[in-house]
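Visitor: Sharing a structure below in structure tokens format, with a few things to ask.
The values are calculated or read from the model by the stated rules, or taken from the named source; none is laboratory data. On a predicted model such as this, the values are computed, not experimentally measured, just so you know. Every residue, glycine as well, gets a Cβ built from its backbone with ideal geometry; the counts of neighbours run over all protein chains shown.
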């Protein structure tokens with residue numbers, strides 16, 4: 001079994017930045033957001049279900065799903081959000097298992113924004129948190145997604161708390177957008193997780209999970 005490191009963090013914390021850097025050095029990335037986007041785009045059964053739920057107004061001119069509008073709906077209606085999660089989750093989980101099983105790198109990075117919300121903590125051998133302040137999260141997603149301050153706060157409020165993420169994480173990178181430091185963190189963690197992976201495969205046990213704690217600023 002591939003040694004699995006789950007990367008999590010709140011919206012706008014920098015998960016994509018980190019996963020892209022790990023990918024550059026040859027680590028297999030299993031990103032649940034990317035999997036979800038592909039399912040919404042290419043799975044006709046899912047597309048028809050979403051259209052039936054929200055009507056034709058949810059479609060773009062080319063009949064693809066308008067993801068920005070869909071996100072607006074689910075962030076403003078808890079029942080709609082849960083409906084969509086329940087629709088997508090079985091397919092996301094199936095594809096995730098397939099990609100992890102076929103990973104070729106010494107260890108793989110499983111990017112899971114909803115790790116805590118979906119109670120998936122025990123599915124990984126180790127949890128890496130990319131952390132930043134709520135104030136910085138708000139600033140980043142306002143700039144990235146062109147949304148208002150109130151919309152940004154609402155989105156963050158729907159996710160689990162920063163305190164909870166920290167409490168369940170084995171390793172933490174505090175992301176201040178310093179790419180020189182991030183490159184150092186990537187190098188260190190690759191060596192570190194490769195070591196843990198080798199140890200895991202030799203002993204065939206998961207007791208390495210809580211033996212170490214690292215936090216980088």
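Visitor: Can you tell which of 18, 44 is in contact with a strand residue (DSSP E or B) (Cβ under 6 Å, 6 or more places away or on another chain) and either exposed (fewer than 14 other Cβ atoms within 10 Å of the Cβ) or at pLDDT 95 or above (or both)?
Guide: 18
Visitor: Quick check: anything in region 142-163 surrounded by 12 or more Cβ atoms within 10 Å (Cβ to Cβ), modelled with pLDDT of 95 or more and out of contact with any strand residue (DSSP E or B) (no Cβ under 8 Å at 6 or more places or on another chain)?
Guide: no
Visitor: Further question: Show me the helices (runs of 4 or more DSSP H) entirely contained within region 131-175 in which 2 or more residues are within 30 Å of residue 196 (Cα to Cα) and not assigned by TED's automatic domain parsing to the domain that holds residue 72.
Guide: Fully inside region 131-175 and qualifying: 162-168.
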